[in-house]
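Worksheet: the structure to be examined is printed underneath.
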Amino acid sequence: MYKSVLVSLLLTLFIWTNLISQENTADKQVNMPVLYGILKTKAEFDLDNSRMRFEVRNARFGAKGKINPFVSYKVEIDLSDEGKMKMLDAFVRFTPVANLDFYMGQRKIPFSSDYIRSPAEGIFANRSFLAKYINEGMRDIGFYANYKFTGSVPVDMLVGAVNGTGNNNPQWIDKPNLVGRLLVGAEKGIRGAGNVYYGEGINMEHLAMYGGEVRYSAGSLFLESEYISRNWTDTLSIRNHADGIYIHSYYNFKLNSKMICMLTPAARIDFIGNSVFRNEADASRLTFGLNAGFEPKQFIAEIRLNYEHYIKSSLPIHTDKITLEFIASF
């Protein structure tokens, strides 16, 4: 623990020293990193067992920037990812021509829009079942090629290969796991995405995942749904299947107030289990939220109040909850 804290402090000192030492010229501006952070703190009330707790869910810090027009980078750590310190993103990006990027290093595997969102960008205090269970552990070290087709209907294509051994774990492998993602549509309007992932996992052989997404965004309204299926063979050579789906939506009401700039009611229903379409869900819940934004831009400074009601629960941690969350992104 002390070693990790020391490394973090040294990294912070190096970044600030580099910033101070750089000359204030136009040629040097491109080399200056952008520092950023996300703090996510919350109080949870377990309504089923009459208990409560306070938690620092995330204390994330990072730096990103360009060395020159062709090479850029990103490094990120979390001092409290559910109470643990973790190295998160750490990659170099090479851009030889416009719209074509090559990534080498560690990042979240680009599978599922909800999963790859930052903690501040998730509209609810707690992640969806898909992000928490199906996609959990899909941060890995690898290589990616990403090409964006611009036009009236933008297309974003990504293919990659990763170790398949998980976060900050560069073990030797016989062959890499493969990932592909196709995204069609702009930020506003209708957008769809498809994801595939194949390889090996911890205690999983012949792991195959696929998913589909659709969303609609127009003005203050946001509506999104996503389905993911995962198939694998366990250590007893038994073939397993799990899947999940969610639908969530929110609407931003802009306010002419000195303090609160935006009120955002939100709702979600999500399911997870052996086969959610055959009524074999292990857990299902309804989540209702109201977010107060203190900046004109969303996800920067917010207070969120959520209520979770479990329709079906398979684990003792699946209890009805009220969550009060403070978010600061800088």
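The values are calculated or read from the model by the stated rules, or taken from the named source; none is laboratory data. Since the model is a prediction, treat every value here as computed from it, not as a measurement. With ideal geometry, Cβ positions are generated from the backbone for all residues, glycine too; neighbour counts draw on all protein chains shown.
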Self-check item: Selection from segment 134-179 of residues that are touching an Asp or Glu at 6+ places or on another chain (Cβ under 6 Å) and either of a type in the set (Lys, Arg) or loosely packed, with under 13 Cβ neighbours inside 10 Å (or both)
Solution: LYS148
Quiz prompt | Matching residues, segment 275-330, being over 15 Å from LYS42 (Cα atoms), hydrophobic (A, V, I, L, M, F, W, C) and in contact (Cβ under 8 Å) with a residue 40 or more places away in the chain | solution = ALA283, PHE299, ILE300, PHE330
Exercise. Give the residues of segment 221-246 that are exposed (fewer than 13 other Cβ atoms within 10 Å of the Cβ) and modelled with pLDDT of 95 or more, sorted by residue number.
Key: LEU221
Self-check item: Checking ILE300 against (1) over 19 Å from ALA131 (Cβ atoms); (2) touching an Asp or Glu at 6+ places or on another chain (Cβ under 9 Å), the condition it does not meet
Solution: (2)
Practice problem: Identify the residue in segment 32-58 that is of a type in the set (Lys, Arg) and at pLDDT 95 or above and, among all such residues, is farthest from PRO316 (Cα to Cα). | Solution: LYS40
Quiz item: In segment 34-63, which residues are farther than 20 Å from ILE327 by Cβ and not in a loop (DSSP other than H, G, I, E, B)?
Solution: ASP46, ARG51, ALA63
Quiz prompt | Among residues of segment 82-102, those that are closer than 27 Å to TYR198 by Cα and either free of Cβ contacts under 8 Å to residues at least 40 places away in the same chain or not polar (S, T, N, Q) (or both), counted | solution = 13
Quiz item: What pairs come up if the first residue lies in segment 103-118 and is assigned to a loop (DSSP other than H, G, I, E, B), the second is surrounded by fewer than 21 Cβ atoms within 10 Å (Cβ to Cβ), and their beta carbons are under 6 Å apart, counting only those six or more places apart or on different chains?
Solution: PRO110/ILE116; PRO110/LEU158
Exercise. Can you run down the residue pairs with Cβ atoms below 8 Å, 6 or more apart or on separate chains, where the first is in segment 258-269 and under 14 Å from GLY289 (Cα atoms) and the partner is among the charged types (D, E, K, R) and in a strand (DSSP E or B)?
Key: MET262/LYS254; ILE269/ARG285
Practice problem: May I ask you to list the residues in segment 109-118 that are out of contact with any Leu (no Cβ under 8 Å at 6 or more places or on another chain) and either surrounded by 18 or more Cβ atoms within 10 Å (Cβ to Cβ) or among the charged types (D, E, K, R) (or both)? | Solution: ILE109, PHE111, SER113, ARG117
Self-check item: Residues that are within 19 Å of the chain's Cα centre (by Cα) and on the phi > 0 side of the Ramachandran plot, drawn from segment 143-169
Solution: GLY164, GLY166, ASN168
Quiz prompt | Positions within segment 65-90 being surrounded by 16 or more Cβ atoms within 10 Å (Cβ to Cβ) and either basic (Lys, Arg) or not in a strand (DSSP E or B) (or both), in sequence order | solution = LYS66, LYS74, LYS86
Quiz item: Which one of the conditions (1) over 20 Å from ALA267 (Cβ atoms); (2) out of contact with any Lys or Arg (no Cβ under 7 Å at 6 or more places or on another chain); (3) touching a residue at least 24 places away in the same chain (Cβ under 8 Å) does GLY151 fail to meet, given that it meets all the rest?
Solution: (3)
Quiz item: Going through segment 277-303 one residue at a time, which ones are modelled with pLDDT under 95 and buried (at least 21 other Cβ atoms within 10 Å of the Cβ)?
Solution: ALA281
